[in-house]
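Trainee: Please find one structure pasted underneath; my questions will follow.
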Amino acid sequence: MNDDKLIIAGIEFLSRLWVGTGKYKDFAETKKAIEMSGTDVVTVSVRRVNIIDKSKENLLDYIDPKKYKILPNTAGCYNAKDAIRTAMLAAEAGITKLVKLEVIGDQKTLYPDNEATLEAAKVLVKEGLIVLPYTSDDPIMARKLVDIGCPAIMPLAAPIGSGLGIRNPYNIRIIMETVKVPIVVDAGVGTASDVALAMELGCDAVLLNTAIAGAKDPIAMAEAMKYGVLAGRLAYKAGRIPKKLYATASSPLEGVIGS
Amino acid sequence: MNTDNCKHMNITLNGEKKEVPGDITVFGLLEFLKIQHQRVAVELNMEIVKKDKYATTAIKDGDSLEVVSFMGGGGFSSE
């Protein structure tokens, strides 16, 4: 599908499946799952370097930034100030200007704090970062984020790690009609059919972590997700038949014996 | 150790108290800690230190530093 490129802020993404790097057994498993998923985008968190045990391996020893686009996130931030600080540090680390902006509003739901997200996004866009905001599936919020300069929007499918799949496909559709930037469904996906559905709706990409890392066999699930994305995207481009209440025969009616 | 030549000083590093050699720059500290410069970012008293300023930015007694890098994670649930 070479003619089917995803471009955000001038950056070309080869895969429409973006994956997280958390919750795996070890780095070897992370690496294998990422390879199997066929992705070229991995999201990573920004954390304090372990000063005491420097022998600890670094994720980037396994995930080559030359091979994969690194998408740092602000996971764990509960206010705009911390998210801005984290995003600026991520940019200063010198690998990328991309950031997945995430400001969490509540521990139980892990829903985004949209107000704080918008506030942080304004600052980070001005600082020259490429801000991809994690947001609720709210078309108005999506429009506001695009208006202040976000080149893509990342609405949730369902609460992070819930595996519930796309809870409100209608809102996702309205978001796609409201803003003319790529939509990356982020969070809440459970299995390959959820990913396929997102793509069939016309979303541009899907970001997930737990659905692969938490599966009984993460490597196999990574492969399933790869095909889910490919199948869904192809189906979207192919154009599905309309849903109808009654049957339509698929065999010719002419020449039926006994008539 | 006010008039002492200050061979060591105390800083807060990633939230922990730490004794480090006196008269040290950010560059020197990273060397001292054997931390690779390439993939980290440094904050000194809440201000980001640009990589090209590591060698000229001096650390003072009582300073607070954050040294961060990229770790595994997807979204918040990766904690």
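The values are calculated or read from the model by the stated rules, or taken from the named source; none is laboratory data. Since the structure is predicted, the reported quantities are computational estimates derived from the model, not experimental observations. All Cβ positions, even for glycine, are placed from backbone atoms using ideal geometry, and neighbour counts span all protein chains on display. Accessible surface is based on the protein model in full, side chains and every heavy atom, while ligands, DNA and RNA are left aside. Shrake-Rupley method; radii C 1.70, N 1.55, O 1.52, S 1.80 Å.
Trainee: When the range A:109-137 is examined, which residues are found to be open to solvent by 20 Å² or more (accessible area, probe 1.4 Å), farther than 14 Å from A:Ala187 by Cβ and part of a loop (DSSP other than H, G, I, E, B)?
Mentor: Scanning the range A:109-137 gives A:Asp113, A:Glu127, A:Gly128.
Trainee: Please work out which residue is modelled with the highest pLDDT, limiting yourself to the range B:26-42 and to residues that are within 11 Å of another protein chain (Cβ to nearest Cβ) and open to solvent by 10 Å² or more (accessible area, probe 1.4 Å).
Mentor: B:Phe32
Trainee: Is one or more of the residues making up the range A:197-217 within 19 Å of A:Arg167 (Cα to Cα), open to solvent by 80 Å² or more (accessible area, probe 1.4 Å) and in contact with a Phe, Trp or Tyr (Cβ under 6 Å, 6 or more places away or on another chain)?
Mentor: Checking the range A:197-217: at least one residue is within 19 Å of A:Arg167 (Cα to Cα), open to solvent by 80 Å² or more (accessible area, probe 1.4 Å) and in contact with a Phe, Trp or Tyr (Cβ under 6 Å, 6 or more places away or on another chain).
Trainee: Please work out which one of (1) over 22 Å from A:Leu124 (Cβ atoms); (2) within 22 Å of the chain's Cα centre (by Cα); (3) at the interface with another protein chain (Cβ under 8 Å from one of its Cβ atoms) is the condition A:Asn58 fails and give its number.
Mentor: (2)
Trainee: Does the range A:80-108 hold any residues that are open to solvent by less than 50 Å² (accessible area, probe 1.4 Å) and of a type in the set (S, T, N, Q), and which are they?
Mentor: A:Thr86, A:Thr96
Trainee: Please indicate, with yes or no, whether at least one residue in the range A:23-42 is basic (Lys, Arg), touching a residue at least 12 places away in the same chain (Cβ under 8 Å) and closer than 26 Å to A:Asn114 by Cβ.
Mentor: Yes, there is a match, as at least one residue in the range A:23-42 is basic (Lys, Arg), touching a residue at least 12 places away in the same chain (Cβ under 8 Å) and closer than 26 Å to A:Asn114 by Cβ.
Trainee: Another question, then. Residues in the range A:184-191: is at least one touching a residue at least 24 places away in the same chain (Cβ under 8 Å), closer than 14 Å to A:Gly165 by Cα and more than 14 Å from chain B (Cβ to nearest Cβ)?
Mentor: Checked against the condition, which is being touching a residue at least 24 places away in the same chain (Cβ under 8 Å), closer than 14 Å to A:Gly165 by Cα and more than 14 Å from chain B (Cβ to nearest Cβ), the range A:184-191 yields at least one hit.
Trainee: Can you go through A:Leu145, A:Leu164 and tell me which one is surrounded by fewer than 18 Cβ atoms within 10 Å (Cβ to Cβ) and either more than 30 Å from A:Leu60 (Cβ to Cβ) or in contact with a Ser or Thr (Cβ under 7 Å, 6 or more places away or on another chain) (or both)?
Mentor: Just one listed residue meets the conditions, A:Leu164.
Trainee: Residues that are at pLDDT 90 or above, under 30 Å from A:Ile212 (Cβ atoms) and within 11 Å of chain A (Cβ to nearest Cβ): does the range B:43-64 have at least one?
Mentor: So far as the range B:43-64 goes, no, none of its residues is at pLDDT 90 or above, under 30 Å from A:Ile212 (Cβ atoms) and within 11 Å of chain A (Cβ to nearest Cβ).
Trainee: Now, a different point. In the list A:Ala220, A:Ala238, A:Ala247, A:Ala192, which residue meets the criterion of being touching a helix residue (DSSP H, G or I) at 6+ places or on another chain (Cβ under 6 Å) and surrounded by fewer than 21 Cβ atoms within 10 Å (Cβ to Cβ)? Walk me through it before giving the result.
Mentor: On the way: A:Ala220 fails: touching a helix residue (DSSP H, G or I) at 6+ places or on another chain (Cβ under 6 Å); A:Ala238 fails: touching a helix residue (DSSP H, G or I) at 6+ places or on another chain (Cβ under 6 Å); A:Ala247 fails: touching a helix residue (DSSP H, G or I) at 6+ places or on another chain (Cβ under 6 Å).
The match here is A:Ala192.
Trainee: Just one of (1) more than 25 Å from A:Val99 (Cβ to Cβ); (2) in a loop (DSSP other than H, G, I, E, B); (3) among the aliphatic types (A, V, I, L, M) trips up A:Ala196, so point out which.
Mentor: So A:Ala196 meets the others, but not (2).
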